[in-house]
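Student: Let me give you the structure first, and then I'll get to my questions.
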Amino acid sequence: MLNILWPAFFLLAAIAALGNWWQGDAEVFTRMMTALFDMAKTSIEICIALAGSLALWMGFLMIAERAGLMNGLARLLAPLFRRLMPEVPAGHPALGLLTMNCAANVLGLDNAATPIGLKAMRALQELNPTPDTATNAQILFLVLNASSLTLLPVTIFVYRAQQGAVDPAAVFLPILLATSASSLAGLFAVAVVQRLKFDWVMWGYVLTIGAVLALLMSSLATLPAAVLTEVSSLTGNLVLFSILLGFLSYAFYQKIAVYDAFIEGAKGGFEIAIQLLPYLVAMLAAIGVLRASGALDWALSGIRYIVTLFNGDIRFVDALPTALIKPFSGSGARAMMIETMKNFGVDSFAGRLAAVIQGSTETTFYVLAVYFGAVGVRYTRHAIPCALFADLCGVLAAIAVCYWFFG
């Protein structure tokens, strides 16, 4: 899939650039070449920043692994993952890592989720009989990460507050509904392709998790916006620090040499960061060229034209740059969201919708490049279609929810 998709980005960029050049934009090719080299530089910066984070979290994860905590988490979720990932043996350490990664994503703790996820992907790779081809378990894991179920989108609140929103947390429930739709769509898409069967055990887990989310939603929805933002931030960081403290305490109780275990795990963080570099350069360079060529503007014009043919409301189109960029670049989508807020107003329909879209989906191709690049997987099979389907469902849900909430 990537062998087709990657050159397609350059081809689309070339077509869009030629069209803009024909219309008098003499600087378009200069912008494209500048973007190409800027993205190569950005890839290095990302790897350097990621190396420290990876070293930190993989060090703590090694402590947890030595203490046997991963195996404990694996046993807790063994009935569910044995059905979702039948090729992963019950009690395998990968299951505990999968659990922690999902928990970190739900809390919006990206800095913790990525290192844990990379370690989980490596653990799944140990079971891979064909190392350059993604397994069903790896695909399901990547799609769940790409669908980005986030319970505490604190950063979205911060950006809205910086832009002067009257109620920064007004988008909390819309984001939660949209990101839930994205994650469920991704899960069911993979389940259909891989022909997974939902029995009473799986439905029991799903309904239990849904009931907990519903209870939490109803509790948080009653809080004032300012209090909600503070509680969200405090909860995420408190839970994270409590987990780390729990790792250390339990490992010390088990008489594990915690410092030695941390150092051994941290060394692996730098190794993974170095392995990621060529994959990031390839993907980010293609994305940078595509964005600089003006292909995005052409896409928006086409969408507006189609919507007007059906006499539809075109207000949502103003927020679509965030949706179109998000699968390729988290920073680019963030910039698009802020630009939309500035141009149309942070509390405008487009400004709110851009924030909900930003919180409802993930940077699919970045996640794909990072997670599969870390283990050398080149043939992704149905991972990209399922992840993009989840993204599409998240965006459509965001649009529907925003029309419901904000009119």
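The values are calculated or read from the model by the stated rules, or taken from the named source; none is laboratory data. Bear in mind the structure is a predicted one, so any value in this text is a computation, not a measurement. When we count neighbours, we look across all protein chains shown, and the Cβ atoms used for this are built from the backbone with ideal geometry, even at glycine.
Student: Do we have residue 8 as surrounded by 15 or more Cβ atoms within 10 Å (Cβ to Cβ) and over 27 Å from residue 123 (Cα atoms) here?
Tutor: no
Student: Which of the residues that make up segment 326-345 are buried (at least 24 other Cβ atoms within 10 Å of the Cβ) and either touching a Gly at 6+ places or on another chain (Cβ under 6 Å) or β-branched (Val, Ile, Thr) (or both)?
Tutor: 340, 341
Student: Condition first: in a loop (DSSP other than H, G, I, E, B), more than 20 Å from the chain's Cα centre (by Cα) and either closer than 23 Å to residue 248 by Cα or modelled with pLDDT of 80 or more (or both). Can you find one or more residues in segment 41-57 that meet it?
Tutor: No; the residues of segment 41-57 include none that is in a loop (DSSP other than H, G, I, E, B), more than 20 Å from the chain's Cα centre (by Cα) and either closer than 23 Å to residue 248 by Cα or modelled with pLDDT of 80 or more (or both).
Student: Kindly list the number of the only condition in (1) under 21 Å from the mean Cα position of the chain (by Cα); (2) surrounded by 17 or more Cβ atoms within 10 Å (Cβ to Cβ); (3) within 25 Å of residue 180 (Cβ to Cβ) that fails for residue 377.
Tutor: Only one criterion in (1) under 21 Å from the mean Cα position of the chain (by Cα); (2) surrounded by 17 or more Cβ atoms within 10 Å (Cβ to Cβ); (3) within 25 Å of residue 180 (Cβ to Cβ) is unmet by residue 377, namely (3).
Student: Still on this model: Considering every residue within segment 383-396, establish whether at least one is surrounded by 24 or more Cβ atoms within 10 Å (Cβ to Cβ), closer than 23 Å to residue 178 by Cα and either of a type in the set (Asp, Glu) or free of Cβ contacts under 8 Å to residues at least 60 places away in the same chain (or both).
Tutor: Within segment 383-396, one or more residues are surrounded by 24 or more Cβ atoms within 10 Å (Cβ to Cβ), closer than 23 Å to residue 178 by Cα and either of a type in the set (Asp, Glu) or free of Cβ contacts under 8 Å to residues at least 60 places away in the same chain (or both).
Student: For segment 272-295, indicate whether the set of residues that are assigned to a helix (DSSP H, G or I) and aromatic (Phe, Trp, Tyr) is non-empty.
Tutor: Yes, segment 272-295 contains a residue that is assigned to a helix (DSSP H, G or I) and aromatic (Phe, Trp, Tyr).
Student: Here is a check on your reading of the model: is residue 184 modelled with pLDDT of 75 or more, surrounded by fewer than 16 Cβ atoms within 10 Å (Cβ to Cβ), in a helix (DSSP H, G or I) and out of contact with any Pro (no Cβ under 7 Å at 6 or more places or on another chain)?
Tutor: No, not satisfied.
Student: So, one more: Can you find a residue in segment 284-297 that is within 22 Å of residue 348 (Cβ to Cβ) and surrounded by fewer than 20 Cβ atoms within 10 Å (Cβ to Cβ)?
Tutor: yes
Student: Of 250, 259, which residue is modelled with pLDDT of 75 or more, assigned to a helix (DSSP H, G or I), farther than 27 Å from residue 374 by Cβ and not polar (S, T, N, Q)?
Tutor: After applying the criteria, what remains is 250.
Student: Now, a different point. Can you name every residue in segment 21-37 that is in a helix (DSSP H, G or I) and of a type in the set (A, V, I, L, M, F, W, C)?
Tutor: Across segment 21-37, the qualifying residues are 21, 22, 28, 29, 32, 33, 35, 36, 37.
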